[in-house]
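The structure appears below as structure tokens.
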């Protein structure tokens, strides 16, 4: 089992606090565009360290969707943390 490390752990704490303070995920994505990457229409990857990434998706029971079938991040207020990955 890999250890996240103090620096990445502190950064994870900061990122999650920032997401919690935002009105929705789209607002967070606008404020911090350099730390989030689209993984798929339903998943995002958040940089939390030099080589660590947090994978998340909507945490709603019924995920809000756009007309083209992607997650409508402007309506997502809860996230589901899927994984922490290292490269």
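Between residue 55 and residue 87, the contour length at 0.36 nm per residue exceeds the alpha carbon distance by 10.2 nm.
Distance between the modelled labels on residue 66 and residue 27, one decimal in nanometres: 2.0 nm (7 Å Cα→Cβ projection). Calculation over all alpha carbon pairs of segment 6-86 in 10 angstrom steps from 0 returns a P(r) of 19, 55, 23, 3, 0 percent.
Estimated purely from DSSP H runs of n ≥ 4, each contributing -39500 (n - 2.57), the mean residue ellipticity at 222 nm for the chain is -8000 deg cm²/dmol once divided by its residues.
Measure nothing fancy, just the Cα-based angle from helix 6-21's long axis to the longest principal axis of the chain, in degrees from 0 to 90, nearest 10. Tilt of helix 6-21: around 20 degrees.
Note the full-extension length gain between residue 13 and residue 43 as 0.36 nm times their separation in residues minus their Cα-Cα distance, in nm to one decimal. Could the numbers behind the result be given before it?
Numbers: separation 30, 0.36 × 30 = 10.80 nm, distance 1.97 nm.
Full-extension gain reported as 8.8 nm.
Throughout, read-outs are computed from the coordinates displayed, never taken from laboratory work. Because the structure is a prediction, the values reported are computed rather than measured. With ideal geometry, Cβ positions are generated from the backbone for all residues, glycine too; neighbour counts draw on all protein chains shown.
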